[in-house]
Amino acid sequence: MVKGPMTVTGFIAYAQGWGGLYIRANKLAWKQVQAHRGLGIANRFGIPDCPERVHWEPEFARMVGVPGAYDYGPERCSWLTHHLTNWMGDDGMLRRASCKIRRHNPEGDTLFISGNVTRRFVEDGRYLVEIAQEARNQNNELSVIGSGTVELPPRTQLQT
């Protein structure tokens, strides 16, 4: 599965759908900064603004040591889940998923997600498959690793 290339628009769209913790506007932003004084980090105009700006302001991202605006880690976790659910199909059931972020994905990166079946087994009458996953960028740099356990329908033939 391929995701990308990464764009700032994509980062913002994810934040909108996910509901970022600190992204507020106008009076709601002011109230949040008043309630949590350390939260608002001055922008280039000296106005307290949210820390999530690292995802869409390249200058702010560079201030924290990243080459530019970058993606959200939870989005990559959702991509690994998407990869698993595509593989298992509509009749499967995702029983477990895990994800470990290894690097930032700055604007322009493309991710290539792959997986391998590592174990097939039957447990309590359930046909289960364990899958190891990883995603690498266009430079073959490891971005994220994950794993999942999928339950397949009983009609599926598993070789144990």
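Every read-out reported here was derived from the displayed coordinates using simple, explicitly stated rules and does not represent laboratory data. Being a predicted model, the structure only gives us computed values, none of them experimental. We place every Cβ from the backbone using ideal geometry, glycine too, and count neighbours over all the protein chains shown.
Magnitude of the charge dipole for region 73-152, about its Cα centre and with charges confined to Cβ atoms of Lys, Arg (+1) and Asp, Glu (-1), is about 260 debye.
For a 4.7 Å threshold on C-beta separation, the list of partnerless cysteines in the chain reads Cys50. Nearest 500 deg cm²/dmol is fine: what mean residue ellipticity at 222 nm does the chain get from its DSSP H runs of n ≥ 4 alone, each adding -39,500 (n - 2.57), divided by its residue count? After summing the helix terms and dividing by the residues of the chain, the value is -8000 deg cm²/dmol. Across Val150, Val33, Val129, mean-square fluctuation computed from a Gaussian network of the chain (C-alpha pairs under 10 Å connected) peaks at Val33. The reciprocal of the average 1/r between distinct C-alpha atoms defines the Kirkwood hydrodynamic radius, which for region 48-140 equals 15.5 Å. Against the empirical curve 2.2 N^0.38 Å, the C-alpha radius of gyration of the chain lands at a ratio of 1.30.
Determine the sum of side-chain charges near Arg102: Lys and Arg each +1, Asp and Glu each -1, restricted to other residues whose C-beta is under 14 angstrom from that of Arg102.
Here the charged neighbours net out to 0.
Relative to the longest principal Cα axis of the chain, at what angle does helix 26-35 sit, 0 to 90 degrees, rounded to 10? Around 90 degrees separate the two axes. Net charge of the neighbourhood of Gly115, taken over other residues with C-beta under 11 Å away and scored Lys/Arg +1, Asp/Glu -1, is -2.
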